[in-house]
Amino acid sequence: MERDKSFNRREAIKNSSYICGVVEGFYGRPWTLEQRKHLYKRQSHLGLYTYLYAPKDDIKHRSLWRDLYNNEEMTYLRSLVESAKDNNVNFVYAISPGLDILYSSDKEMDTLKEKLDQVKSVGCTSFAVLFDDITVEMQEADQEKFKSFAHAHVYIANTLFKYLETKVFMFCPTEYCETRAVPTLESSEYLNTIGELLEKDIHIMWTGPHVISRKLTVEHLARVGAVMRRKPLIWDNLHANDYDAKKIFMGPLTERSVQIKEYTSGFLSNPSGKYEANFVPVHTLSDWNAADRDLLPNEATPTEDKRCLFNIECDKETVYVPEISMTNAAVTWIEEFLQTTTASSPPILTADVVGYIVEHRPDVWLLDLPEKHGVIHPEPVAPPEVPSENIIQTAVAPEEPAPSELNSLAADYSQPMETEEESVEDESMVVVEEEVAAPTAFSGLVTSEEELKSQRLALLTSMCEIFYLPFENGPRVQNLFRDFTWLMQNASVMKKSFKEIETLDPLQSEWLVKYDGVNEFLTNAIDAFYFVTQAPNKSLLAEIVPYAFNAHGCCVVLIAVARWMMRGFALDNPDNNLLDDFGSTDESWISQSGFKAETLRVLSVVDNIEKILDSKILLPLCMFCFDIRPFTMADKDYISSMVTVMLTDNQELLRHRAENFADRNIIPFLCSGAEHNFLCEKVDETGHKPVCYATAHSDGQVLSNFLITYTEQLKEKYKQLIEDSQVGSTKLTDEYIEFLRKSQTPIDPDDWFPKIPAEIFENYPAWVETYFGMDSTDSHPMKKVLNVIAITLGMNGSPGYFITVDINDVERQKYFMILGLTDLGLSTCQRFRILGQKLTSISRQSSTSSDNL
């Protein structure tokens with residue numbers, strides 16, 4: 001639809017009476033001054049001209065609402081109001097007196113007026129009074145003056161509205177969603193009283209059917225408007241994360257038809273407390289606000305060449321399509337990643353560690369959430385007998401809990417967004433300097449600037465779909481888990497060998513097609529972690545990395561398992577052993593959705609997968625990108641290169657050390673039939689580099705028997721070394737001999753392998769060998785490799801596995817115990833400690849076996 005050439009959408013939105021913007025209304029640490037100022041610039045560019053100041057944990061907004069601001073605080077508040085005004089953003093100051101106000105007291109009313117007069121004195125012209133998340137019991141004096149709780153609220157709101165003579169006045173009721181309406185929406189005495197008696201020009205806030213509403217429909221909002229006697233003002237919690245700080249949501253605004261603008265007076269998004277995570281949600285809100293209509297049911301999704309989806313600058317008819325809006329936002333967001341900033345604090349790990357305490361909020365927030373609401377609770381760091389602080393010398397401390405009362409209008413209040421230089425604006429607001437450092441593309445993947453942009457867009461949209469919405473993962477993530485489940489259910493088809501693609505049977509062909517899709521998405525997601533960690537924008541990195549870190553850990557496990565199945569090592573996992581839920585449709589979403597939750601679900605063939613994969617231990621935040629894949633005998637020399645870093649230039653000794661290592665750690669497992677062999681590699685622009693590995697034989701007794709003959713062969717091979725302390729032409733010095741004795745591979749092969757008591761094999765039949773450095777670089781990757789080992793063993797029905805550690809290697813023993821392994825005692829030879837882990841797995845059977853039912 002063409003418009004008159006004089007039509008200007010930006011001006012039309014600016015002059016519109018429809019309220020649209022951002023509310024800072026979450027529980028937990030508020031945004032900083034610089035983040036707010038940065039937000040106003042972003043809002044101005046995007047045509048979102050309202051900002052509501054209502055941080056729940058800001059001390060003088062809520063808990064100490066009676067206290068006036070001091071001179072310093074007033075200076076900061078003035079700078080915020082003026083910054084908003086400079087960007088054409090209406091600054092709305094909200095006050096929440098409902099925790100302890102005496103409604104019938106004239107003194108309390110005078111205090112409210114004095115407080116808001118003070119805020120008005122710095123140029124604020126719009127206000128809100130909030131009565132959300134408070135108790136509904138009235139004090140005795142209030143009961144004598146007011147007929148009901150609603151009448152008390154009407155009195156406060158109407159009095160302040162008339163007194164302040166405001167540009168905009170907002171009111172948040174105690175019953176602010178349908179689930180909190182007593183007894184129902186239409187019959188709520190509270191809401192009907194509010195609707196009838198509240199001044200008609202006061203906007204009443206509403207979150208929808210629930211506190212966090214999956215959908216906002218025309219039908220629902222029409223019912224709300226009838227009760228309120230006016231169009232409601234939406235306070236949308238779709239992207240909020242204060243009820244579970246381990247999650248963030250970076251998907252588009254969805255399930256909110258453009259048509260609901262006709263049934264509401266405005267729309268305010270209450271997004272994540274992690275400011276940098278809100279880029280896509282805020283940008284898609286802008287597209288929604290600028291759109292004329294939704295995509296029609298039978299209408300094809302618009303493509304770029306049709307040019308029927310545009311942003312605020314378009315003067316033609318616009319259509320809102322959430323997925324396209326998210327992609328367009330991601331294109332802009334890429335440039336923000338490339339801006340150079342410095343963060344005032346390092347990234348903080350928010351999961352896979354213990355001691356993390358959820359940010360403060362009252363229990364009333366959880367009233368209509370299911371019992372298992374996914375809130376993070378402190379857990380013990382490790383078994384009492386193993387002090388975790390001794391495991392690794394360099395560790396990232398858990399996040400300090402935010403104080404319950406903060407004053408973000410103070411000079412000493414800071415967050416990672418604050419920089420030494422002026423805050424960075426959106427790409428669309430500034431010109432990107434050509435010389436700005438940027439993450440390098442992976443070699444061989446791109447050949448042009450256009451391909452580089454396309455690659456980065458694929459990475460960033462993958463990350464957005466992983467951190468999508470509270471109720472569901474992104475569409476491609478849903479496909480990922482659906483296909484991954486199918487691969488597991490039909491895994492044994494890959495046991496059938498084939499020489500050429502033409503010899504594939506139809507089921508094998510279908511398996512490989514689905515595998516390619518799974519591999520492509522997971523590879524993009526892993527590369528996205530590299531892109532994020534290498535970003536020059538350290539302010540953004542500080543808030544995003546902890547979440548990307550956790551997703552990266554899930555991705556490397558999933559892709560390793562998929563690659564292992566592709567090699568034909570897995571048995572089928574029957575349909576009835578796998579839950580078929582790819583995004584919950586009810587309100588139990590809070591504990592069932594999310595990328596990590598879906599990862600646990602799809603790997604639930606191992607009954608204790610959550611304990612294995614989600615153990616709360618204190619490990620460093622691994623800031624490099626790594627990948628995990630199966631390895632074969634062809635990788636022997638490549639893996640052995642990890643041990644050639646020695647204090648010697650003697651190439652003969654280095655070759656011996658690598659060969660010696662392979663003979664001890666790799667060859668006996670692979671030659672005796674080990675099928676659970678995984679290598680972790682560091683991935684960057686230079687390629688791949690081995691970090692650590694683990695190999696597992698599902699039948700340790702078979703390996704033990706194999707070692708008897710194998711050891712005799714090794715003694716013959718290393719006869720010269722044992723008898724003459726000589727490698728080829730090189731006579732070993734006493735220092736080097738001592739080094740070998742202290743290494744993981746002593747000189748005499750008789751000392752290489754532990755003698756395992758027979759009873760160990762009964763409950764822990766699988767034998768696992770690992771190699772990794774006891775430092776901050778290897779600790780987390782090794783944990784993930786061991787996760788993969790445990791999962792693949794469990795998938796094939798193994799009830800447990802054991803690891804052996806030299807009895808003198810105390811730190812390594814502590815490490816495995818903290819990972820959840822149990823001390824099983826010493827080897828028969830008394831030189832190794834045996835540590836094991838139970839794998840409670842569901843019985844498996846191969847569809848290719850003759851006894852398959």
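Checking each residue of segment 123-133 against the condition of being over 16 Å from Leu112 (Cα atoms), at pLDDT 95 or above and of a type outside the set (A, V, I, L, M, F, W, C) gives at least one match.
Residues in segment 241-275 that are within 13 Å of the chain's Cα centre (by Cα) and among the charged types (D, E, K, R): Asp244, Lys246, Lys247, Lys274. All of (1) modelled with pLDDT under 75; (2) among the acidic types (Asp, Glu); (3) in a helix (DSSP H, G or I) hold for Asp586 with one exception: (3).
For every residue, the table says whether it meets (1) farther than 28 Å from Glu336 by Cβ; (2) modelled with pLDDT of 95 or more; (3) surrounded by fewer than 22 Cβ atoms within 10 Å (Cβ to Cβ).
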residue: Arg230; (1), (2), (3): yes, yes, yes
residue: Leu233; (1), (2), (3): yes, yes, no
residue: Leu238; (1), (2), (3): no, yes, no
residue: Asp244; (1), (2), (3): no, no, yes
residue: Leu253; (1), (2), (3): no, yes, no
residue: Gln259; (1), (2), (3): yes, yes, yes
residue: Glu262; (1), (2), (3): yes, yes, yes
residue: Phe267; (1), (2), (3): no, yes, no
residue: Gly273; (1), (2), (3): no, no, no
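Among the residues of segment 91-114, write down those that are under 28 Å from Cys177 (Cβ atoms), among the charged types (D, E, K, R) and not in a loop (DSSP other than H, G, I, E, B). Residue satisfying the conditions is Glu108 alone. If only residues of segment 160-193 that are of a type outside the set (S, T, N, Q) and more than 40 Å from the chain's Cα centre (by Cα) are counted, the one that is farthest from Tyr53 (Cα to Cα) is Glu189. When segment 532-556 is filtered for residues that are surrounded by fewer than 23 Cβ atoms within 10 Å (Cβ to Cβ) and of a type in the set (Val, Ile, Thr), only Thr533 remains. Can you find a residue that is in contact (Cβ under 8 Å) with a residue 60 or more places away in the chain, of a type in the set (Asp, Glu) and in contact with a helix residue (DSSP H, G or I) (Cβ under 9 Å, 6 or more places away or on another chain) anywhere in segment 21-32? Looking through segment 21-32, at least one residue is in contact (Cβ under 8 Å) with a residue 60 or more places away in the chain, of a type in the set (Asp, Glu) and in contact with a helix residue (DSSP H, G or I) (Cβ under 9 Å, 6 or more places away or on another chain). For segment 177-224, filtering for residues that are touching a Phe, Trp or Tyr at 6+ places or on another chain (Cβ under 8 Å), in contact (Cβ under 8 Å) with a residue 12 or more places away in the chain and assigned to a loop (DSSP other than H, G, I, E, B) leaves 8. One residue is enough: does segment 473-492 have a residue meeting the conditions β-branched (Val, Ile, Thr), at pLDDT below 90, more than 15 Å from the chain's Cα centre (by Cα) and outside the structural domain of Asp684 (by TED's automatic domain parsing)? No; the residues of segment 473-492 include none that is β-branched (Val, Ile, Thr), at pLDDT below 90, more than 15 Å from the chain's Cα centre (by Cα) and outside the structural domain of Asp684 (by TED's automatic domain parsing).
Listed here are the helices (runs of 4 or more DSSP H) enclosed by segment 708-768 that have at least 3 residues being among the acidic types (Asp, Glu) and either buried (at least 19 other Cβ atoms within 10 Å of the Cβ) or modelled with pLDDT under 90 (or both): 734-742.
Does Thr284 count as at pLDDT 90 or above and of a type in the set (S, T, N, Q)? Walk me through it before giving the result.
Numbers: at pLDDT 90 or above: yes; of a type in the set (S, T, N, Q): yes.
Criteria met by Thr284.
Within segment 816-836, being surrounded by 15 or more Cβ atoms within 10 Å (Cβ to Cβ) and out of contact with any strand residue (DSSP E or B) (no Cβ under 9 Å at 6 or more places or on another chain) holds for one residue alone: Ile818.
Considering segment 84-104, and only residues there that are modelled with pLDDT of 95 or more and surrounded by fewer than 15 Cβ atoms within 10 Å (Cβ to Cβ), the residue that is nearest to Asn15 (Cα to Cα) turns out to be Asn88. Which residues, taken from segment 139-175, are of a type in the set (A, V, I, L, M, F, W, C) and assigned to a loop (DSSP other than H, G, I, E, B)? Scanning segment 139-175 gives a single hit, Phe146. For segment 38-56, the condition holds for at least one residue, the condition being that it is of a type in the set (S, T, N, Q), surrounded by 23 or more Cβ atoms within 10 Å (Cβ to Cβ), closer than 29 Å to Lys113 by Cβ and in contact with a strand residue (DSSP E or B) (Cβ under 9 Å, 6 or more places away or on another chain). Across segment 785-837, the number of residues qualifying as in a helix (DSSP H, G or I) and of a type in the set (Ser, Thr, Tyr) comes to 2.
Hey, Ile248 hits all of (1) surrounded by 20 or more Cβ atoms within 10 Å (Cβ to Cβ); (2) among the hydrophobic types (A, V, I, L, M, F, W, C); (3) at pLDDT 95 or above but one; which does it fall short on? Single failed check for Ile248: (3).
Given the criteria under 19 Å from Arg833 (Cα atoms), among the β-branched types (Val, Ile, Thr) and in contact (Cβ under 8 Å) with a residue 40 or more places away in the chain, does Thr770 qualify? Yes; evaluated as a whole, the condition is true for this residue.
The values are calculated or read from the model by the stated rules, or taken from the named source; none is laboratory data. Predicted model, so just to flag it, every value in this text is computed and none were measured. Cβ atoms come from the backbone with ideal geometry, glycine included; neighbour counts cover every protein chain shown.
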